[in-house]
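The values are calculated or read from the model by the stated rules, or taken from the named source; none is laboratory data. In this text the structure is predicted, and so the values were computed from the model without any measurement. Cβ sites come from the backbone with ideal geometry, for glycine too, and all protein chains shown count toward neighbours.
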Amino acid sequence: MTDARPIHTDFQPLLDLKSKAVIDLFTDLRCYVLALHPDSIELLYHTHALTAVFSLSEKLSDAFCMLPIYTNHLNLGFNKGTLLSDPHGLLTGTGNLIRHITVAQPKDYRNPKVKALILEAIRQAREDMGKPPKATGKTISKIKIS
């Protein structure tokens, strides 16, 4: 799948340190999320994991999902996953709000069940949002370059 929005220059060198399989999965999953909500603001972080967060605004509090990349795997995380209906039991985790799906191959997210979860998370974030966003469809790096 071609990427309509290029990966940020702060993010790419850190992504390149991962295995080809993880990079390919991340790239495809990122494109999938952006195809479902092209106006997303992508917030990039490098803390315990290299993470792309997808938000309706420039605020982390308006985020609907995230893609944390660890050493050998990545997840599709939902910021308010405990509030999502999950009739198929796809979401795992023990936190107060965050839940995730472990991603090992495209079929782990390219299916109607996960698409429904992502769309519900977007609707939920939209309902929880205060003011309309000032900007849409851009990537913002929060990565501190040393």
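Quick one: in segment 25-42, of everything that is of a type in the set (D, E, K, R) and surrounded by fewer than 18 Cβ atoms within 10 Å (Cβ to Cβ), which residue is nearest to the chain's Cα centre (by Cα)?
First, the residues of segment 25-42 that are of a type in the set (D, E, K, R): 28, 30, 39, 42.
Filter again for surrounded by fewer than 18 Cβ atoms within 10 Å (Cβ to Cβ), leaving 28, 39.
On the way: 28: 11, 39: 13 Å.
This residue is 28.
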In segment 105-142, which residues are at pLDDT 95 or above, surrounded by 14 or more Cβ atoms within 10 Å (Cβ to Cβ) and assigned to a loop (DSSP other than H, G, I, E, B)? 109
Pairs under 7 Å by beta carbon, first residue closer than 10 Å to residue 62 by Cβ in segment 129-140, partner of a type in the set (Gly, Ala, Ser) and surrounded by 15 or more Cβ atoms within 10 Å (Cβ to Cβ), six or more apart or different chains? 129/57; 133/57
Only unsatisfied item for residue 40, checking (1) touching a Leu at 6+ places or on another chain (Cβ under 8 Å); (2) under 19 Å from residue 107 (Cα atoms), is (2)
Take the conditions in contact with a helix residue (DSSP H, G or I) (Cβ under 8 Å, 6 or more places away or on another chain), assigned to a strand (DSSP E or B) and under 19 Å from residue 124 (Cβ atoms) and apply them to residue 88. Does it pass? no
Considering only residues of segment 71-97 that are of a type in the set (Val, Ile, Thr) and over 23 Å from residue 31 (Cβ atoms), which is surrounded by the fewest Cβ atoms within 10 Å (Cβ to Cβ)? 94
Somewhere in segment 43-58, is a residue touching a residue at least 60 places away in the same chain (Cβ under 8 Å), out of contact with any helix residue (DSSP H, G or I) (no Cβ under 7 Å at 6 or more places or on another chain) and surrounded by fewer than 15 Cβ atoms within 10 Å (Cβ to Cβ)? yes
Qualifying residues in segment 43-70 (those that are closer than 25 Å to residue 104 by Cβ and more than 13 Å from the chain's Cα centre (by Cα)) - the one modelled with the lowest pLDDT: 48
